[in-house]
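The values are calculated or read from the model by the stated rules, or taken from the named source; none is laboratory data. Just so it is clear, the model here is predicted, and its values are computed rather than measured. All Cβ positions, glycine included, derive from the backbone under ideal geometry; neighbour counts span all protein chains shown. Side chains are part of the model used for accessible areas, which takes the heavy atoms of the whole protein and leaves out ligands, DNA and RNA. Shrake-Rupley method; radii C 1.70, N 1.55, O 1.52, S 1.80 Å.
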Amino acid sequence: MITAVLLDAWLGEPKRWHPLVGFGWLASHLELKLNKNSLPVRLHIIGLVAWLVLLLPIVTLSYFVSHSTIGWLVDVTLLYFSIGASSLFLHARHIYTPLSHGNLTEARNAVSMIVSRDTSQLNETEIATAAVESVLENGNDAIFGAIFWFLLFGGTGAVMFRLANTLDAMWGYRTPRYQYFGWAAARLDDLLNLIPARLTALSYALCGHTISALQCWRNQARTWYSPNAGPVMAAGAGAMQVKLGGTASYHGQYKQRPTLGIGKSANQNHILSAINLVKRSIGLWCVLIMIGTIIRNVYFA
């Protein structure tokens, strides 16, 4: 696990031929062919079948390859492709730099690359808020969730989680187009994230202002519309002592979201603070896993 994390920090995301890009292309074309006008129940079933068709062959192949004579190398490679810490931090810095220089046009364009909300009219505070929320939430989706399932099932677990999370990001919207077809992808991603999201929230709390993080998690997480993003973002906002949430436009409709966190509204400096919080949490996971491995080898070998 630590080797994969170091590889991501050293090499970053592959510039060409990233497996997730190819998977996203395949998923997009399959959705266009299958997501036709039909009864809601029928679309629910079709969406579930599409999810299984995309995941089962890849997950099965990864299982057999990771149990070969070079399984440890395959596991490292699969986890490296499954986590996206360097890519997340790079995107966040691409928002921070123009925002810190007052270039809202470039900052809006940069933030549109990592959020699903409409960004064309965002002001400085809204851009910073969107960036911080994305860093905190994707800390779970792109890093800790994959590591959690890797610890349970090796590279196969990491691949399963990352592909499921990708399909949720593509199909899991509550819009007329995806409301029924994407239902299975959204619910299955919620299930896979149930434990990792709370471990991520706890990590943020331990690596920031712990008391504030725990209080925000306890009091605010349940008000958020996502059962897993709520704990992650509430704890992260509390750990940073910044306010998140508020009004945002999604697919042409304004949505009033609950307030998460405490303190001042987000600014460009909070983007760097969010990056550092996720980095400290990665370090915490690495240390704890090293200690756990040593204890296991000493006492249970």
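Structure notes:
- Against the criterion of being under 18 Å from the mean Cα position of the chain (by Cα), more than 27 Å from residue 254 (Cβ to Cβ) and polar (S, T, N, Q), residue 129 does not qualify.
- Conditions (1) part of a helix (DSSP H, G or I); (2) in contact (Cβ under 8 Å) with a residue 60 or more places away in the chain; (3) open to solvent by less than 60 Å² (accessible area, probe 1.4 Å): number failed by residue 107: (2)
- Of all the criteria given as (1) under 25 Å from residue 26 (Cβ atoms); (2) touching a Lys or Arg at 6+ places or on another chain (Cβ under 8 Å); (3) of a type outside the set (A, V, I, L, M, F, W, C); (4) without any contact (Cβ under 8 Å) to a residue 24 or more places away in the chain, the one not satisfied by residue 82 is (4).
- Residues located in the stretch 242-270, provided they are more than 23 Å from residue 208 (Cα to Cα) and among the polar types (S, T, N, Q): 247, 249, 253, 256
- Single match in 133, 137 (criterion: out of contact with any Phe, Trp or Tyr (no Cβ under 9 Å at 6 or more places or on another chain), in a helix (DSSP H, G or I), under 26 Å from residue 185 (Cβ atoms) and open to solvent by less than 10 Å² (accessible area, probe 1.4 Å)): 133
- Checked against (1) of a type outside the set (D, E, K, R); (2) open to solvent by less than 10 Å² (accessible area, probe 1.4 Å); (3) farther than 24 Å from residue 252 by Cα; (4) out of contact with any Leu (no Cβ under 9 Å at 6 or more places or on another chain), residue 171 passes all but a single condition, namely (3).
- Residues satisfying the stated conditions in the stretch 32-55, i.e. closer than 17 Å to residue 173 by Cα, open to solvent by less than 90 Å² (accessible area, probe 1.4 Å) and not in a helix (DSSP H, G or I): 35
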